[in-house]
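Participant: First the structure, which I've put down as structure tokens, then a few questions once you've had a look.
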Amino acid sequence: MSERKVYSRRNFLRSASRIAAIGFVAPVVASATAAAIAKSVRPLESSEKQTEATAEETVDALQDAYGLHRGQRRNHTKGVGALGTFVGNPEIKEISRSGLFSGEKLDVVARFSIAGGDPMVSDADKSPRGMALEFRLPDGSLHHMTMLHTPMFFAAVPQTFLNKFIALAIDPATGKPDMAKYKQFEATHPDIALQAKFLQENNPPPSYANCAFYGVHAFKFINAAGKTTIVKFRFVPQDGEKQLSKAQLSSMPPNFLEQALIQRTRMSPINWDMIVTIGEPGDPETNPTLLWKGKHRELKAGTLTLTSAMPSDLAGSYNINFDPLMMTDGIAPTDDPVLLFRSPSYATSHTRRIRDL
């Protein structure tokens, strides 16, 4: 199956900017290429407009659920920044031609966070933890990864995501969500069950350094010969995975995660191994709420090393929109509707944040 090189207006704009950069060398070729890209984008325009309208509704719903916090992210609002490097395993070239796996040391800007739009949420809250990474390649290109500490997501389709935060909207009369509405949401959206069960059975970590992070979606790895392999990936901490005890869950201060990470980086670098899982026939590729079952081939794809951490407002990650569709050549999205939906949603949130709306 041929790869669709341009799958959104975002890709078109990125491609056009690269063409402009070489236009002084080959303006005729650039013009012809840009025209071809534009032609391939037109059939997607009407569906993308609909996606962006839904993204606006989703960001509005997040604000209705958590309140408006100007200049801050609408989701995963509370977080901490970090800096480090990534060294990919060149053996991954077997399945991906991406520059991530050249073996060179790449600069990385990272952000850790707690799911939801409350900047004052307790660090002991039993909600997903996030890790977002921006890889900076020698040629100036970027690659983003956004992950959760749950192996699965709660929504199989974007509508479930939207409906959850509509159900959590603050009732002006009480200042709290109407839990009857949320119970109704739970009863009518069975795709949320697996993540809810994981969060119920697993306490949050005492430090981000003791947390594994999962890509949750399936992705396409494409090698130099054009062969596509469906994969999932996760980052496993070399410090080991740990959870808060029941006693710690009720006694920890509300803001321990930031200082724990800063203090840990002052001791020595923190490392995570990137593990790639190779898909098998029949594995779900477009539903992030479902886990792959049975034994799978796994490869170590590289090592992430973080050397410093800092408060979110001082971090290089503060102004980054960690768009998960920002990918290097050799890695591509599947047709997972939630993965594709995240890009316009992140863009909407980012635009409001930088405009201090």
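The values are calculated or read from the model by the stated rules, or taken from the named source; none is laboratory data. Please read all numbers here as calculations on a predicted model, not as lab measurements. Reconstructed Cβ throughout: ideal geometry from the backbone, glycine too, with neighbour counts over all protein chains shown. Remember, those area values only see protein heavy atoms, side chains included, never the ligands or the DNA or RNA. Shrake-Rupley method; radii C 1.70, N 1.55, O 1.52, S 1.80 Å.
Participant: Using a 1.4 angstrom probe, figure out how much accessible area the chain has per residue, in square angstrom, rounded to the nearest whole.
Facilitator: 48 Å²
Participant: Also: Considering only protein heavy atoms and a 1.4 Å probe, what is the carbon-and-sulfur percentage of the accessible area of the chain?
Facilitator: Within the chain, the accessible surface is 56 percent carbon and sulfur.
Participant: Another one. Using a 1.4 angstrom probe on the protein heavy atoms only, could you order SER312, SER251, SER96 from most to least accessible area?
Facilitator: The ranking, largest first, comes out as SER251, SER312, SER96.
Participant: What's the local net charge at GLY99, with K and R +1, D and E -1, over the other residues with C-beta under 9 Å away?
Facilitator: Net charge around GLY99: -2.
Participant: Okay, next question. For region 65-84 and region 161-227, compute the distance between their C-alpha centroids and round to whole Å.
Facilitator: Cα centres, region 65-84 to region 161-227: 17 Å.
Participant: With the crude spin-label approximation of a point 7 Å out along Cα→Cβ, what separation in nm comes out for LYS197 versus GLN248?
Facilitator: Simple spin-label model gives 2.6 nm for this pair.
Participant: Could you tell me the largest-minus-smallest coordinate of the C-alpha atoms of region 70-172 on each of the three principal axes, in descending order and whole angstroms?
Facilitator: 54, 28, 25
Participant: Using Cα pairs closer than 8 Å and at least 6 residues apart in sequence, work out the relative contact order for region 258-338, in percent.
Facilitator: 38 percent
Participant: Averaging over all projection directions, find the projected area of the Cα convex hull of the chain and quote it in nm² with one decimal place.
Facilitator: About 19.4 nm², averaged over all directions.
Participant: If you put +1 on each Lys and Arg Cβ and -1 on each Asp and Glu Cβ, how big is the dipole of the chain around its Cα centre, in Debye rounded to 20? Write out the running numbers ahead of the final one.
Facilitator: Working: 41 positive and 36 negative charges, 64 e Å.
With only Lys, Arg, Asp and Glu charged at Cβ, the dipole is about 300 debye.
Participant: Moving on to the next point. Hey, rough spin-label estimate for LYS93 and GLU280, points 7 angstrom out along Cα→Cβ, what's it come to in nanometres?
Facilitator: So the two model labels end up 3.0 nm from each other.
Participant: Which links in LYS105/LYS220; LYS93/LYS295; LYS197/LYS300; LYS242/LYS295; LYS181/LYS242 stretch past 30 Å when you go from one Cα to the other?
Facilitator: Cα-Cα > 30 Å for LYS181/LYS242; rest within.
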